[in-house]
Amino acid sequence: MEQKRGQLTNRIKKKSKELLDEEITQIELRLMPYIQHVMINNQKINPDHINGEERQILSKWREKGYIEGGASGLTITKEFWDILCEIIFLGYVDLF
């Protein structure tokens, strides 16, 4: 079976468990490229581009110390940046 871009697979669940101590959800997987885009560009989350579930995920990431801020300016730890990149690679680039 061919993996589709942005599809949550067992491989991604396993890697997220290893890196984040929990399996991510489909919504988290799809939020990660947006956060990467935000950090590469203006470093500000556009509130019009995220929904309630995504806001809850961002709150969880804040509580865990991965990110700070949001619409007024987002910061991210190097550790979480590396985790995002690895999971995005598995979910959007390294398809099999």
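Just so it is clear, none of the values below were taken in a lab; they were calculated from the coordinates. Computed from a predicted structure; not experimentally measured. Quick reminder, even Gly has a Cβ in these numbers, built from the backbone with ideal geometry, and neighbours come from all protein chains shown.
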Relative contact order for the chain using alpha-carbon pairs under 8 Å, separation at least 6, rounded to a whole percent? 39
Quickly estimate the mean residue ellipticity at 222 nm for the chain, helices only: each DSSP H run with n ≥ 4 gives -39500 (n - 2.57), and the total goes over all residues, rounded to 500. -16000 deg cm²/dmol
State to the nearest 20 debye the size of the charge dipole of the chain about its Cα centre, where the only charges are +1 on K and R beta carbons and -1 on D and E beta carbons. 120
What does the charge count near Ser72 come to, summing +1 for each Lys or Arg and -1 for each Asp or Glu among other residues with Cβ under 14 Å from its Cβ? +1
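Of the peptides 10-23, 28-41, how do they stack up when ordered by the mean number of other Cβ atoms within 10 Å, highest first?
Result, highest mean first: 28-41, 10-23.
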Considering amide H positions built from the backbone, and no H for Pro or chain starts, which residues 5 or more places from Ile24, or on another chain, come under 5 Å of its amide H? Ser16, Lys17
Would you list, by chain and number, the aspartates and glutamates whose Cα falls below 18 Å from the Cα of Lys15, excluding same-chain residues fewer than 8 positions away? Glu23, Glu28, Glu79, Asp82, Glu86, Asp94
So what are the ³J(HN,Hα) numbers for the range 21-35, from phi and the Karplus equation (6.51, -1.76, 1.60; θ = phi - 60°), rounded to whole Hz, Gly and Pro as x? 6, 7, 6, 7, 9, 4, 5, 4, 4, 7, 6, 4, x, 5, 5
Output needed for the chain: three equivalent-ellipsoid semi-axes, defined as square roots of 5 times the C-alpha gyration tensor eigenvalues, in descending order, whole Å. 22, 14, 12
Please give the net charge around Ile57, taking every other residue with its beta carbon less than 14 angstrom from that of Ile57, where Lys and Arg add +1 and Asp and Glu add -1. -1
